Amino acid sequence: MGRWLRQWGWRHELQAQLLEMDFGCWEGRLWTDIERAEIDNWCADFALHRPGAGESLSALFQRAASWTAEPGAACIVVGHAGWMLARRWLTEGQPMPTHSSQWPAAPGHGELWRLPSFVPPEDMATPLDPDSGEVR
């Protein structure tokens, strides 16, 4: 999408802060191919567990909170649902979900969200380690 918009003068950037949650060794696998116990372990510690030894939901929220658009510039973010849901959750002032049942439904295909300016809450101000993406 970004490359397509570039044809009309939009600047196209890939930014690490906007990446989908890293699911480690679960990446590219069907949910049915992941051991039920592994999924249950994640659900039992939804915010801090690192599914597939990837990234925790807490770290995803930290990344979503730390991203800012260039001041005064028009900006379209094209991303995966996990990052977009985390960012939307934060802009609505919701506390980070601690149980999988709290996770919202994914946006509809082609759905456009207009998000207000966002200032991360105090508890989301913890910086991330740039190498691992985890909270310092």
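Binning the alpha carbon pair distances of the stretch 1-82 at 10 angstrom intervals from zero yields the distribution 15, 39, 25, 16, 4, expressed in whole percent.
Taking chymotrypsin sites (Phe, Trp or Tyr not before Pro) across the stretch 1-106, the ones in a DSSP loop with at most 11 further Cβ atoms lying within 10 angstrom of their Cβ are 8.
Trypsin sites (Lys or Arg not before Pro), restricted to the stretch 4-34: which are DSSP loop and have at most 13 other Cβ atoms within 10 Å? Those that pass, being in a loop and sparsely packed, are 11, 29.
Model label points for residue 67 and residue 41, set 7 angstrom from Cα along the Cα-to-Cβ axis, are 2.9 nm apart.
Every number here is computed from the coordinates shown, using simple stated rules; none is lab data. The structure displayed is predicted, hence computed values, not measured ones. A quick note on method: Cβ atoms are made from the backbone with ideal geometry, for glycine too, and the neighbour counts reach across all protein chains shown.
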